There are 2 protein chains.
Amino acid sequence: MARLVMKFGGTSVANIERIRNVARHVKREIDAGHEVAVVVSAMSGKTNELVGWCRDASVLHDAREYDTVVASGEQVTSGLLAITLQDMGIPARSWQGWQIPIETDGAHGAARITGIDGSKIIQHFNERGEVAVVSGFQGIHRPTGRISTLGRGGSDTSAVALAAAIQADRCDIYTDVDGVYTTDPRIVPQARRLDRVSFEEMLEMASLGAKVLQVRSVELAMIHNVKTFVRSSFDDPADPKPGTLICDEEDIVEQQIITGIAYSKDEAQITLRRVADKPGVAAAIFGPLADASINVDMIIQVVSDDTVTTDITFTVPTADYERAKTILEGVRDRIGYASLQGATDVVKISAIGVGMRSHAGVAARAFRALAEKGINIRAITTSEIKFSLLIDAAYTELAVRTLHSLYGLDKAA
Amino acid sequence: MARLVMKFGGTSVANIERIRNVARHVKREIDAGHEVAVVVSAMSGKTNELVGWCRDASVLHDAREYDTVVASGEQVTSGLLAITLQDMGIPARSWQGWQIPIETDGAHGAARITGIDGSKIIQHFNERGEVAVVSGFQGIHRPTGRISTLGRGGSDTSAVALAAAIQADRCDIYTDVDGVYTTDPRIVPQARRLDRVSFEEMLEMASLGAKVLQVRSVELAMIHNVKTFVRSSFDDPADPKPGTLICDEEDIVEQQIITGIAYSKDEAQITLRRVADKPGVAAAIFGPLADASINVDMIIQVVSDDTVTTDITFTVPTADYERAKTILEGVRDRIGYASLQGATDVVKISAIGVGMRSHAGVAARAFRALAEKGINIRAITTSEIKFSLLIDAAYTELAVRTLHSLYGLDKAA
């Protein structure tokens, strides 16, 4: 007997028929003798509808009221799944964030879980053999007693945090794909499903645009060492595929140098030409952006051809591009630059693999391979287990395929 | 300065535009210097959608899960109205049943309010000048911590109970009609809006088919002597009509003998012919019906033409008619009757007025007037302030108009 958390996203609970399918997945695990807590999202489309109403009511809506409205979506699904499970003869009850409680900080709309009391759920396992159907995405801010939400994709985080709180043996994240792939199968048909991927690699992949899991959920899984599977809710409930296990690096026997290739189109490039090369100039540029909560990612600084000034290139999220430009134009006198250039038709390609730690020259091979295809690299950043390249968006597919093949990730023909 | 509860039903909050209209009604009272708690229903249609999903999930759904699902409708509206009020510059916050708390018993789906702690709402009035936007229809069953609902129309009851708990000076129930009428204006164009009606009369009208207010809310208003107005949310928010005040009998100066004529088509008639006229026979008939939670309303017993047996006629709600017949056929041997006859094409017409207490012969005038129109009376029941007549449904409009005119209720031409 094991204790499991199973998480189902919005498309998996989009209507009563799909909720019944989810119940069949749960029944399989119950029949196998396991204790199960299920975490559910809102029916797909519902959250958008609720968010739309809040926006219609006021552009600048109170985040606490937004959370009250939006959290209702998960409340509905949890009740409906509990009813459906009972209909199949499986004892079940729904739990809202405030009933457990799942406590969060007061950052409404993007709250962080600060603690989960798993005792009531465990007690109901022991005394009633009940499936706990838990509303994902939501919690309670204890000091004010208000409903909070974790932000988009927050149900993944709810699931992993709950798994840690009830000491679950496993957390299964059911999605509309059957696991984590070496890259996006829509642009590389040779992409392979990974049997295992390390927490660190998954964290980089999630940060870099592979939208399988929310970043925060992977962080939590890593911190609490929660064995997490990504698998498909559209598999046959009676005979599902195992999916991809996210686990400790040590649990992966045959480690590749590169595990996956990710790409993100959500990048915009800004270059400031002929910036005075004097102390404090970086603070003058990046201070105002940080004050405006704009995340700066890649930063490159190269000496200009006049050898006394420098050119500074960096990237910001596309959504913040116009705002970033306006801010920098406002502090132009303080920074002292000759011109501001920008581009939104760029993409960040990343290669991730813990094997990079022990292998030199991994990135250099990529530079050569892309140069051979005539792809110009605008910026480069590296970390211990990944490197990222900024290139023209037109070359996205070509670059991803080139790297995927270069690092031996293509599946056997 | 006064303290008000304002209640808005589903059609009044059906979309963002109407919610904004509700906010304008609230703003008028705030601008007049009042403290306001608003009670809201779910957007019209939402509750039916949620109930439908529960039914689709399971015919025999757990009432606790049903409540969890269905209560989400009010949660959405309360958050949206709070956002809309804030957008107009009015401090406001939403309150769910469990946050106040509004405590109920454990009769999920049709729970009764057992207590409301008004202290937090009053504290927010005092310290923050905040409008309290309260989700109607819902509460919490404290011993289990589960969300409960009060049953259909429960938001009226929430409003009146809240008014009592916070010692409000007034409770305004906003609906899609502009007050309580002497009868249904759809069938009697001469129907007049009443300026005032007594609690007792309103209670009879609500019980007898005038669907303006839920019966339980009138009971609570009477017990706690809450001055309750029924008025229209579709009036101009800047210059609304006062509506109908439901108040103590003593506060009504010019009391009519009859205040209103109600009718209910939700009646079915059952007649048992030639029942043995012996002790215990009434128990043999009505005991099994009570055990099946079937409400028996009018009961008439007349000696049969053989003078040793009696005919017993009574009414049950139409929804329970077939079930009642089946039960009575099952206990035929025990009761001992010759035949069972039934009819569903009947209607109950009632005349209500506290003036009946001090005037004799009020009902007799009705019998004569209906006889003159050729309307046969199948059954009669009377109480201190009303009498009810069961007639063929085909005569509904004629009978209502006849009585409305007979008792001087028609408005001046």
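The values are calculated or read from the model by the stated rules, or taken from the named source; none is laboratory data. These numbers were taken from a predicted model, which means no experiment stands behind them. All Cβ positions, even for glycine, are placed from backbone atoms using ideal geometry, and neighbour counts span all protein chains on display. What goes into the accessible areas is simple: the full protein's heavy atoms, side chains included, and nothing from ligands, DNA or RNA. Shrake-Rupley method; radii C 1.70, N 1.55, O 1.52, S 1.80 Å.
Quick notes on this structure:
- Residue list for the stretch B:376-392, filter: exposed (fewer than 15 other Cβ atoms within 10 Å of the Cβ) and in contact (Cβ under 8 Å) with a residue 60 or more places away in the chain: B:380, B:383
Residue by residue, here is whether (1) open to solvent by 40 Å² or more (accessible area, probe 1.4 Å); (2) basic (Lys, Arg) holds:
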residue: A:29; (1), (2): no, no
residue: A:39; (1), (2): no, no
residue: A:42; (1), (2): no, no
residue: A:51; (1), (2): no, no
residue: A:55; (1), (2): yes, yes
residue: A:58; (1), (2): no, no
residue: A:61; (1), (2): yes, no
residue: A:70; (1), (2): no, no
residue: A:76; (1), (2): no, no
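- Count of the stretch B:310-336 residues which are of a type outside the set (D, E, K, R) and exposed (fewer than 15 other Cβ atoms within 10 Å of the Cβ): 4
- Test result for residue A:307, outside the structural domain of residue A:184 (by TED's automatic domain parsing), of a type in the set (Val, Ile, Thr), farther than 18 Å from residue A:347 by Cβ and open to solvent by 40 Å² or more (accessible area, probe 1.4 Å): yes
- Filter result for residue B:237 (touching a helix residue (DSSP H, G or I) at 6+ places or on another chain (Cβ under 9 Å) and surrounded by fewer than 21 Cβ atoms within 10 Å (Cβ to Cβ)): yes
- Residue in the stretch A:337-344 that is free of Cβ contacts under 8 Å to residues at least 60 places away in the same chain and open to solvent by 70 Å² or more (accessible area, probe 1.4 Å) present: no
- Every residue from the stretch A:14-43 that is closer than 13 Å to residue A:136 by Cβ and either within 11 Å of chain B (Cβ to nearest Cβ) or of a type in the set (Gly, Ala, Ser) (or both): A:37, A:41, A:42, A:43
- Residues (over 19 Å from residue A:125 (Cα atoms) and assigned to a loop (DSSP other than H, G, I, E, B)) located in the stretch A:1-45: A:9, A:14, A:15, A:41, A:42, A:43, A:44, A:45
- Residue in the stretch A:188-222 that is most open to solvent (accessible area, probe 1.4 Å), counting only those that are under 25 Å from residue A:2 (Cβ atoms) and touching a Gly at 6+ places or on another chain (Cβ under 7 Å): A:193
- Test: residue in the stretch B:223-232 that is farther than 23 Å from residue B:357 by Cα, open to solvent by 10 Å² or more (accessible area, probe 1.4 Å) and assigned to a helix (DSSP H, G or I): yes
- When the stretch A:35-79 is filtered for residues that are charged (D, E, K, R), over 23 Å from the mean Cα position of the chain (by Cα) and more than 23 Å from residue A:228 (Cα to Cα), the ones remaining, listed by number, are A:55, A:56, A:62, A:64, A:65.
- Condition check for residue B:216: outside the structural domain of residue B:402 (by TED's automatic domain parsing), under 16 Å from the mean Cα position of the chain (by Cα) and assigned to a helix (DSSP H, G or I): yes
- Considering the stretch B:381-398, and only residues there that are charged (D, E, K, R) and part of a strand (DSSP E or B), the residue that is modelled with the lowest pLDDT turns out to be B:386.
- Test set (1) among the aliphatic types (A, V, I, L, M); (2) open to solvent by 10 Å² or more (accessible area, probe 1.4 Å); (3) under 23 Å from the mean Cα position of the chain (by Cα) - residue A:122 fails condition number: (3)
- Considering the stretch A:248-351, the qualifying strands (runs of 3 or more DSSP E), each wholly inside and each with 2 or more residues that are at pLDDT 90 or above, more than 24 Å from residue A:383 (Cα to Cα) and of a type in the set (Gly, Ala, Ser), run over A:339-343.
- Of residues in the stretch A:158-206 being of a type in the set (S, T, N, Q) and assigned to a strand (DSSP E or B), the one farthest from residue A:234 (Cα to Cα): A:198
- Taking residues in the stretch A:150-166 that are in contact (Cβ under 8 Å) with a residue 60 or more places away in the chain, and partners anywhere that are among the basic types (Lys, Arg) and buried (at least 24 other Cβ atoms within 10 Å of the Cβ), the pairs with Cβ atoms closer than 6 Å and at least 6 places apart or on different chains are A:159/A:7.
- Of the residues making up the stretch A:167-187, those that are within 15 Å of residue A:6 (Cβ to Cβ) and surrounded by 21 or more Cβ atoms within 10 Å (Cβ to Cβ) are A:168, A:171, A:172, A:173, A:174, A:175.
- Filter result for residue B:10 (surrounded by 19 or more Cβ atoms within 10 Å (Cβ to Cβ), closer than 30 Å to residue A:19 by Cβ, out of contact with any Leu (no Cβ under 6 Å at 6 or more places or on another chain) and at the interface with chain A (Cβ under 9 Å from one of its Cβ atoms)): no
- The set of residues from the stretch A:1-18 being of a type outside the set (D, E, K, R), over 24 Å from the mean Cα position of the chain (by Cα) and modelled with pLDDT of 95 or more comprises A:2, A:15, A:16.
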